[in-house]
1. Taking Rh as the Kirkwood radius computed over C-alpha pairs, what is the Stokes-Einstein D of the chain at 20 °C in a medium of viscosity 1.002 mPa s, expressed in µm² per second?
2. Size of the dipole of segment 256-338 about the Cα centre, Lys and Arg at +1 and Asp and Glu at -1 on the beta carbon, nothing else charged, in debye to 20?
3. What number results when the radius of gyration of segment 243-303, computed over Cα atoms, is divided by 2.2 N^0.38 Å?
4. Below 8 Å between Cα atoms, with a sequence gap of 6+, how large is the relative contact order for segment 98-200 in percent?
5. Residue-wise, which Karplus ³J(HN,Hα) couplings in Hz belong to segment 327-332, taking 6.51 cos²θ - 1.76 cosθ + 1.60, θ = phi - 60°, and x for glycine or proline?
6. Return the ratio Rg/(2.2 N^0.38 Å) for segment 110-238, where Rg is computed over Cα atoms only.
7. Which value, to two decimals, describes the C-alpha radius of gyration of segment 177-227 once divided by 2.2 N^0.38 Å?
8. With every protein chain left in place, what is the accessible area of K343 in Å² (1.4 Å probe, nearest 10)?
Amino acid sequence: MIKRKISIGGLLLTCLFTAQANGNWTLQDCIDHALQHNIQIQKNRLSEKTSQQTTAESKAALLPSLSASLSEAVAYRPFQKQGGSFVNGSVTSSTSNNTIANGNYGVNASWTIWNGNQNRNTIKSSQISEQIASLQTQQTANSIQEQIAQLYVQILYTQEAVKTNEKLLENDEQLLRRGQELLRNGKATQADVAQLQAQVDNGKYDVVNSRTQIASYKMQLRQLLQLSDTVDFNIQTPEALDSQLINYIPTIDNVYQAALVSRPEIKSSQLAIEQSDLDVKIAKGAYSPTISLTAGLSDSHMTGTGQNIGNQLRDNFDGQIGVNISIPIFDNRKRKTTLEKAKINQLSSQLDLKDNQLNLRNTIESYWLEATNNKQKYEASKSQVKSQRTSYELVCEQFKEGKQNIAQVLESRTSLLSAEQTMLQSQYTTLLNITLLKFYQNEKLSF
């Protein structure tokens, strides 16, 4: 129907414990609990941490890489009949040993000093991915808050519907008792009493059905809050709902302009365009030569040479430094394909932003129309409910006096029930949509 660290953490826990203590949850209690415990939000926060690690890795790519190697080997020649010659670094020797051991050691370093600025643009792209991941968490949080508000209002509406049905049921039972008295006095027929009994049964069904709907909405709300069914859970009815409905409804343009600078889906789309621009630069950078510095130290030794290990390590010690330049010439169109795909993605990101802006405008217009139309319905239905209630009470009194038949009573009851349902529905629909409009203006959800 209707569509700071420790101090903050302590405040949230206080709100939660207070809500759990009395079993009555305000809208803010529900939102605070969901933002802390909802699984999807927690997964989004983990994605943020993953993006942070990617950024750290991109920054580290600017630094030189360093590696060390060490190998020890033993060679065994059981059938060797004469000595052989061996070269180990700068040492050449011969030995007739059947078993020879050798070791090699090295340290190597490499540092890319230029690759078409791809490394620095990759860092910028990673930082944007980190921001997008954070905005995705905000977007999920906003979506969950909207769902909570919708369910919260749905429960409020249905609770009021239960009260209305209970009052009508109470009156139906009074009419049934009066009809039975009239039957005994010969002023009513058995058919009249049967109709009254049927109306009582229908009234009981309406009450049970409304309570079942409340239980269903509460279950959905519990799922959003990741709340155990062992926790006493009832929502708190806000005060002075009627006075809030007469508040000024924000204009579409004001809400839209505020949403453009605050909504995470718009910011995310704008950042995606910046990231696509960087992807184009990275793809172009692949056409540039790559210049890197290299350096290394190495040493080795071998047994059976007639020299001790210390002399061998001294004689075989080697150090080198160099410059590598890699110039791309032909790579089977890989670089060109990457560049063209980056340009296509650039255009797609721009269209995504326009699409999100259009969807945002449509959503705001929908909320505004719902708020405006239902506010007018609510104002009109209040007087209608008043007149229908007066008429129903009058007909009921006349029936008790035997001056009205059962058909007129049931007809008046149906009209009153329809008017009250229309009033309640328009009241809570207006409340929800005004609240959502303010939320899109970057205000907190509250009733």
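The values are calculated or read from the model by the stated rules, or taken from the named source; none is laboratory data. This one's a predicted model, so the numbers in the text were calculated from it and none came from an experiment. Ideal geometry is used to build each Cβ from the backbone, glycine not excepted, and the neighbour counts take in all protein chains shown. For the accessible areas, the whole protein counts, side chains as well, though only heavy atoms, and no ligand, DNA or RNA atoms are used. Shrake-Rupley method; radii C 1.70, N 1.55, O 1.52, S 1.80 Å.
1. On the way: Rh = 29.9 Å.
The calculation lands on 72 µm²/s.
2. Details: 9 positive and 8 negative charges, 98 e Å.
Rounded to the nearest 20 debye, it is 480 debye.
3. On the way: Rg = 28.2 Å, N = 61, 2.2 N^0.38 = 10.5 Å.
Ratio of Cα Rg to 2.2 N^0.38 Å: 2.69.
4. Working: 20 pairs, mean separation 17.1, N = 103.
RCO, segment 98-200: 17 percent.
5. 10, x, 10, 9, 9, 6
6. Details: Rg = 29.9 Å, N = 129, 2.2 N^0.38 = 13.9 Å.
This ratio for segment 110-238 stands at 2.14.
7. Working: Rg = 19.2 Å, N = 51, 2.2 N^0.38 = 9.8 Å.
Cα Rg divided by the expected 2.2 N^0.38 Å: 1.96.
8. 80 Å²
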